[in-house]
Every structure is written in structure tokens, then in C-alpha cells.
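Chemist: Before anything else, here's the structure in question.
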Amino acid sequence: MSFREMTRKSVIQGECFVTDDPFLQYSTVLGSCIAVCMYEPEAKVGGMNHFLLPGSENSGSGDMKYGVYSMELLINGLLKLGADRYKLEAKIFGGGEISQSSQKIGPKNQAFTKKFLQNEGIPCMAENLGGAFARKLQFIPTTGKVRHMLISADESPVENLAPAVVSPTESDIELF
């Protein structure tokens, strides 16, 4: 089934959704925020979160804008749908430096996400992070397939720009 034939659900800042519905896709737009697209290929379940700040174990308890809480909800939601914890796979997007802020939120979000996945033993199958642009993202949770487009500050697609890093399953990410 193609992206065009599916029901689309938007995931906005501070949200997290999981599903086993093969006819549903998630979409979002990212700047300095991060979206983690996580799935379990055998159970055919997946989900997406969209968080604004990394947070810490002591901050943001119960607040979806923090990655530390959002990541736990994503993982636990997938486990409740029958995912095997040791077969989870992730793809991560966002963490751009859209503004000239001295806070460096995008790079902090990137570092948090990579460290969290590493600490949890969840492999990152692909990533597209950083840069001075936003991203539009579509994700089919039950297959792990992702499409994304880089967007410049004037909201036009960025042409002739290679992804920051895409590895090792390059075929699962499609530029549009």
C-alpha cells in the first residue's frame, strides 16, 4: 500500500502515538524537535513521538514535550501492542538549527536521542538530523517505511541536498 492510499494522522509537538493498523500513517513537521519512528518488524506495530526538549530523569515527569518521558511512552505503548522489546528498531529525524538561538536545542535533542537509544539497546536503523532546515516526515508504523522532505526557511523544498546520515537500510527512507 502506498503513502497516498493510507489514512494520515498528524503528530504534533508533545504527542506520541502507536498502532497496529496497516492502513494508518503518521506525519509531522520538524525543526529543532525530534521525531522517533519506532517499530517492531515481526509484530508489525510501530509508533511516532515528537518532542521539543530532551529533559532529564528529574524534569518533565508526565510532560510529553520532554524526550525522556516521550520515549518511555513510545516504548511502553509498543510493548502493550505485542512488540518484543529486543526487536524494536528506530529511525530518528529533526534536531535542526532553525534559529540562531544560543540554546542549541537541536543538537541537544540529537545527543539525547542517540544516547537514549544506545542505553536502551534499541538500534537506530536510519537518521536524518541537523542542518539549517525543517523536515516534513511521513511514517508507516507497521512497516517502518519513512518518507521525508527537507524544507528551507522560505518553506520551499530543498533540492539537491543529500541526507545528513542514512544508514544502513537506505531503501526504507524515501525523499519526496
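Chemist: In region 86-140, what count of residues is obtained for those that are outside any strand (DSSP E or B) and either farther than 16 Å from Asn49 by Cα or β-branched (Val, Ile, Thr) (or both)?
Modeler: 27
Chemist: Has region 44-58 got any residue that is in a strand (DSSP E or B) and surrounded by fewer than 21 Cβ atoms within 10 Å (Cβ to Cβ)?
Modeler: no
Chemist: Quick one: which of Gly67, Gly94 is of a type in the set (Gly, Ala, Ser) and over 23 Å from Ser152 (Cβ atoms)?
Modeler: Gly67
Chemist: In addition: Condition test on Ser32, is it modelled with pLDDT under 95 and surrounded by fewer than 18 Cβ atoms within 10 Å (Cβ to Cβ)?
Modeler: Considered against the rule, which asks whether it is modelled with pLDDT under 95 and surrounded by fewer than 18 Cβ atoms within 10 Å (Cβ to Cβ), Ser32 comes out as no.
Chemist: Across region 74-119, what is the number of residues that are buried (at least 20 other Cβ atoms within 10 Å of the Cβ), within 18 Å of Leu30 (Cβ to Cβ) and aliphatic (A, V, I, L, M)?
Modeler: Adding up the residues that qualify gives 5.
Chemist: Can I ask one more? Out of the residues in region 1-13 that are assigned to a loop (DSSP other than H, G, I, E, B) and touching a Ser or Thr at 6+ places or on another chain (Cβ under 8 Å), state the one that is nearest to Gly82 (Cα to Cα).
Modeler: Our first condition is that a residue be assigned to a loop (DSSP other than H, G, I, E, B); within region 1-13, this holds for 1-2, 6, 11-13.
Restricting the remaining residues to those that are touching a Ser or Thr at 6+ places or on another chain (Cβ under 8 Å) gives 11-12.
Numbers: Val11: 22, Ile12: 25 Å.
Here the residue is Val11.
Chemist: Any residue in region 122-138 that is modelled with pLDDT of 90 or more sitting within a Cβ distance under 7 Å of a residue that is of a type in the set (Ser, Thr, Tyr)? List the pairs, counting only those 6 or more apart or interchain.
Modeler: Met125/Thr169; Ala126/Ser167; Ala126/Thr169; Leu137/Ser27; Leu137/Thr28; Gln138/Ser27
Chemist: To continue, here is another question. Please count how many residues of region 34-45 are under 14 Å from Arg85 (Cβ atoms) and in contact with a Pro (Cβ under 9 Å, 6 or more places away or on another chain).
Modeler: Qualifying residue count, region 34-45: 3.
Chemist: Scan region 14-26 for residues that are surrounded by 18 or more Cβ atoms within 10 Å (Cβ to Cβ) and either among the polar types (S, T, N, Q) or touching a Gly at 6+ places or on another chain (Cβ under 8 Å) (or both) and report the count.
Modeler: 6
Chemist: Taking Met71, is it farther than 22 Å from Phe133 by Cβ, surrounded by 21 or more Cβ atoms within 10 Å (Cβ to Cβ) and under 12 Å from the mean Cα position of the chain (by Cα)?
Modeler: It is true that Met71 is farther than 22 Å from Phe133 by Cβ, surrounded by 21 or more Cβ atoms within 10 Å (Cβ to Cβ) and under 12 Å from the mean Cα position of the chain (by Cα).
Chemist: Regarding region 18-37, can at least one residue be identified that is in a helix (DSSP H, G or I), in contact with a Lys or Arg (Cβ under 7 Å, 6 or more places away or on another chain) and among the aromatic types (Phe, Trp, Tyr)?
Modeler: No.
For every residue, the table says whether it meets (1) touching a strand residue (DSSP E or B) at 6+ places or on another chain (Cβ under 9 Å); (2) β-branched (Val, Ile, Thr).
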residue	(1), (2)
Gly96	yes, no
Gln100	no, no
Lys114	yes, no
Leu129	yes, no
Lys136	yes, no
Thr143	yes, yes
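Chemist: Another one. Out of curiosity, is Lys65 basic (Lys, Arg) and either on the phi > 0 side of the Ramachandran plot or crowded, with 18+ Cβ neighbours inside 10 Å (or both)?
Modeler: Answer is no for this residue.
The values are calculated or read from the model by the stated rules, or taken from the named source; none is laboratory data. Remember, predicted model here, so these are calculated numbers, not experimental data. Cβ coordinates were reconstructed from backbone atoms using ideal geometry, including for glycine residues, and neighbour counts include every protein chain displayed.
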